[in-house]
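The values are calculated or read from the model by the stated rules, or taken from the named source; none is laboratory data. Keep in mind that what you see is a predicted model, and the values were worked out from it rather than measured. Cβ atoms come from the backbone with ideal geometry, glycine included; neighbour counts cover every protein chain shown. Heads up: the accessible areas ignore ligands, DNA and RNA and are worked out on the full protein's heavy atoms, side chains in. Shrake-Rupley method; radii C 1.70, N 1.55, O 1.52, S 1.80 Å.
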Amino acid sequence: MSAFSDPIMRSHPSSAADNPDNFQIWDDEYTILFMKKFTEIHVALADYKMKLMQEASDLGSPFTRAMMLHYPDSQAIRGIIDQFMLGENIVMAPIFKESQTVRDVVLPGPATWTRLFSGEQIEVQDDSLTLEGVSCEMGLPAVYYRDTEGYTMSDVLDQYLQVEAFI
(Lines give C-alpha, C1' and ligand atoms only; values in the text may rest on other atoms or scores of the structure.)
Protein backbone atom coordinates (compact mmCIF):
# COMPACT_ATOMS: atom_id res chain seq x y z
CA MET A 1 0.00 0.00 0.00
CA SER A 2 2.90 2.31 0.73
CA ALA A 3 3.95 2.30 -2.94
CA PHE A 4 0.66 4.05 -3.77
CA SER A 5 0.02 6.15 -0.68
CA ASP A 6 3.23 7.68 0.63
CA PRO A 7 5.82 10.13 -0.64
CA ILE A 8 8.41 8.02 1.21
CA MET A 9 8.05 4.25 1.01
CA ARG A 10 8.29 2.25 4.21
CA SER A 11 8.72 -1.49 4.35
CA HIS A 12 7.22 -2.04 7.80
CA PRO A 13 5.16 -0.20 10.43
CA SER A 14 7.96 0.19 12.97
CA SER A 15 11.64 -0.44 13.30
CA ALA A 16 13.26 -3.73 14.26
CA ALA A 17 14.73 -1.96 17.28
CA ASP A 18 11.19 -1.16 18.51
CA ASN A 19 9.98 -4.70 17.85
CA PRO A 20 12.63 -7.34 17.16
CA ASP A 21 9.90 -9.78 16.00
CA ASN A 22 9.05 -7.57 12.99
CA PHE A 23 9.58 -9.41 9.75
CA GLN A 24 12.15 -7.63 7.57
CA ILE A 25 12.32 -7.50 3.78
CA TRP A 26 15.61 -9.42 3.72
CA ASP A 27 14.19 -12.33 5.74
CA ASP A 28 13.43 -14.38 2.60
CA GLU A 29 13.85 -14.23 -1.19
CA TYR A 30 10.10 -13.96 -1.83
CA THR A 31 9.87 -10.82 0.27
CA ILE A 32 12.90 -9.26 -1.40
CA LEU A 33 11.33 -9.79 -4.87
CA PHE A 34 7.99 -8.47 -3.65
CA MET A 35 9.65 -5.35 -2.22
CA LYS A 36 11.64 -4.89 -5.44
CA LYS A 37 8.48 -4.94 -7.53
CA PHE A 38 6.66 -2.34 -5.46
CA THR A 39 9.75 -0.20 -4.97
CA GLU A 40 10.05 0.02 -8.77
CA ILE A 41 6.43 1.17 -8.97
CA HIS A 42 7.05 3.71 -6.20
CA VAL A 43 10.04 5.06 -8.14
CA ALA A 44 8.07 5.15 -11.42
CA LEU A 45 5.49 7.36 -9.67
CA ALA A 46 8.13 9.86 -8.46
CA ASP A 47 7.28 12.63 -10.95
CA TYR A 48 3.56 12.24 -10.28
CA LYS A 49 4.15 12.32 -6.53
CA MET A 50 6.32 15.43 -6.90
CA LYS A 51 3.38 17.09 -8.67
CA LEU A 52 1.12 16.11 -5.77
CA MET A 53 3.61 17.43 -3.21
CA GLN A 54 3.68 20.75 -5.09
CA GLU A 55 -0.16 20.81 -5.05
CA ALA A 56 -0.04 20.13 -1.30
CA SER A 57 2.35 23.04 -0.83
CA ASP A 58 0.47 25.45 -3.12
CA LEU A 59 -3.14 24.51 -2.40
CA GLY A 60 -3.08 22.55 0.84
CA SER A 61 -4.59 19.52 -0.87
CA PRO A 62 -3.70 16.17 0.72
CA PHE A 63 -1.27 13.85 -0.98
CA THR A 64 -3.42 10.76 -0.41
CA ARG A 65 -7.07 11.69 -0.74
CA ALA A 66 -10.50 10.53 0.21
CA MET A 67 -12.37 9.82 -3.02
CA MET A 68 -15.07 12.35 -2.17
CA LEU A 69 -12.52 15.15 -2.47
CA HIS A 70 -12.67 14.71 -6.26
CA TYR A 71 -16.28 13.47 -6.42
CA PRO A 72 -18.21 15.42 -3.75
CA ASP A 73 -21.57 15.10 -5.51
CA SER A 74 -21.50 11.31 -5.85
CA GLN A 75 -23.57 9.62 -3.14
CA ALA A 76 -21.85 6.28 -3.87
CA ILE A 77 -18.40 7.80 -3.39
CA ARG A 78 -19.33 9.70 -0.19
CA GLY A 79 -19.76 6.51 1.83
CA ILE A 80 -16.42 4.95 0.92
CA ILE A 81 -13.97 4.73 3.80
CA ASP A 82 -11.78 1.82 2.68
CA GLN A 83 -10.48 3.12 -0.66
CA PHE A 84 -8.36 6.16 -1.42
CA MET A 85 -6.95 8.13 -4.30
CA LEU A 86 -3.40 9.17 -4.99
CA GLY A 87 -4.06 12.48 -6.66
CA GLU A 88 -6.91 12.30 -9.16
CA ASN A 89 -5.41 9.56 -11.32
CA ILE A 90 -5.02 6.49 -9.09
CA VAL A 91 -7.62 4.59 -7.05
CA MET A 92 -6.37 2.08 -4.48
CA ALA A 93 -8.72 -0.39 -2.80
CA PRO A 94 -6.55 -2.17 -0.22
CA ILE A 95 -7.29 -5.35 1.70
CA PHE A 96 -7.25 -4.87 5.46
CA LYS A 97 -8.23 -8.35 6.67
CA GLU A 98 -5.76 -11.20 6.87
CA SER A 99 -6.45 -13.95 4.31
CA GLN A 100 -9.05 -11.85 2.44
CA THR A 101 -8.42 -12.01 -1.33
CA VAL A 102 -11.62 -10.53 -2.77
CA ARG A 103 -13.36 -7.19 -2.29
CA ASP A 104 -15.79 -4.81 -3.95
CA VAL A 105 -14.32 -1.73 -5.60
CA VAL A 106 -16.12 1.49 -6.48
CA LEU A 107 -14.71 3.44 -9.42
CA PRO A 108 -15.78 7.06 -10.01
CA GLY A 109 -16.95 8.34 -13.33
CA PRO A 110 -17.50 9.18 -15.94
CA ALA A 111 -14.02 7.90 -16.75
CA THR A 112 -12.05 5.01 -18.19
CA TRP A 113 -9.99 3.22 -15.54
CA THR A 114 -7.28 0.62 -16.19
CA ARG A 115 -6.58 -2.13 -13.67
CA LEU A 116 -2.89 -2.20 -12.91
CA PHE A 117 -1.34 -5.68 -13.37
CA SER A 118 -4.04 -6.89 -15.80
CA GLY A 119 -4.59 -4.02 -18.22
CA GLU A 120 -8.35 -4.52 -18.01
CA GLN A 121 -10.11 -1.29 -18.94
CA ILE A 122 -13.35 -0.37 -17.22
CA GLU A 123 -15.57 2.30 -18.70
CA VAL A 124 -17.61 4.09 -16.05
CA GLN A 125 -20.53 5.81 -17.75
CA ASP A 126 -22.32 7.23 -14.71
CA ASP A 127 -20.99 8.87 -11.56
CA SER A 128 -19.70 5.52 -10.27
CA LEU A 129 -19.53 1.80 -10.91
CA THR A 130 -19.25 -0.92 -8.28
CA LEU A 131 -17.13 -3.90 -9.26
CA GLU A 132 -18.16 -6.85 -7.12
CA GLY A 133 -15.80 -9.61 -6.05
CA VAL A 134 -12.56 -8.13 -7.36
CA SER A 135 -9.68 -10.56 -6.88
CA CYS A 136 -6.84 -9.02 -4.85
CA GLU A 137 -4.30 -11.77 -4.45
CA MET A 138 -1.03 -11.02 -2.72
CA GLY A 139 1.06 -8.97 -5.12
CA LEU A 140 -1.91 -7.96 -7.29
CA PRO A 141 -3.75 -5.30 -5.28
CA ALA A 142 -6.83 -3.53 -6.60
CA VAL A 143 -5.16 -0.49 -8.13
CA TYR A 144 -6.76 1.43 -11.00
CA TYR A 145 -5.41 4.37 -12.92
CA ARG A 146 -6.61 6.76 -15.58
CA ASP A 147 -5.17 9.31 -17.91
CA THR A 148 -6.22 12.92 -17.52
CA GLU A 149 -5.33 16.08 -19.33
CA GLY A 150 -2.89 16.93 -16.54
CA TYR A 151 -1.12 13.57 -16.36
CA THR A 152 -0.83 10.50 -18.59
CA MET A 153 -0.62 7.62 -16.12
CA SER A 154 -0.46 5.00 -18.90
CA ASP A 155 3.00 6.32 -19.85
CA VAL A 156 4.13 5.65 -16.28
CA LEU A 157 2.31 2.44 -15.35
CA ASP A 158 1.72 0.40 -18.52
CA GLN A 159 5.10 -1.27 -18.01
CA TYR A 160 3.63 -3.07 -14.97
CA LEU A 161 0.71 -4.68 -16.81
CA GLN A 162 0.62 -8.48 -16.83
CA VAL A 163 2.95 -8.83 -13.85
CA GLU A 164 2.57 -12.22 -12.17
CA ALA A 165 1.23 -12.49 -8.64
CA PHE A 166 3.44 -13.27 -5.68
CA ILE A 167 1.50 -16.24 -4.32
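Ligands, DNA and RNA aside, Tyr160 has an accessible area near 20 Å² when probed at 1.4 Å.
Of Met67, Met92, Met153, the residue with the greatest mean-square motion in the GNM of the chain, using alpha carbon springs below 10 Å, is Met153. Ignoring lysines fewer than eight residues from Lys97 along the same chain, the ones with Cα atoms less than 30 angstrom from its Cα are Lys36, Lys37, Lys49.
Taking the accessible area of the stretch 49-167, probe 1.4 Å, and keeping the other protein chains in place, the carbon and sulfur fraction comes to 49%. In this structure Lys36 has an accessible area near 110 Å², from a 1.4 Å probe over the protein heavy atoms. Taking Asp58, Asp155, Asp82 and ordering them by how much accessible surface each has at a 1.4 Å probe, largest first, produces Asp155, Asp58, Asp82.
For Thr148, the solvent-accessible surface with a 1.4 Å probe is about 30 Å², rounded to the nearest 10. Multiplying the residue separation of Ser99 and Glu132 by 0.36 nm and subtracting their alpha-carbon distance yields 10.1 nm. Helix 29-44 and the longest principal axis of the Cα set of the chain meet at an angle near 40°.
Which parts of the stretch 128-159 would a label at Glu40 reach, counting a residue when its backbone N lies under 15 Å from a point 7 Å out along Cα-to-Cβ? Under cut-off, by backbone N: 139-140, 156-159.
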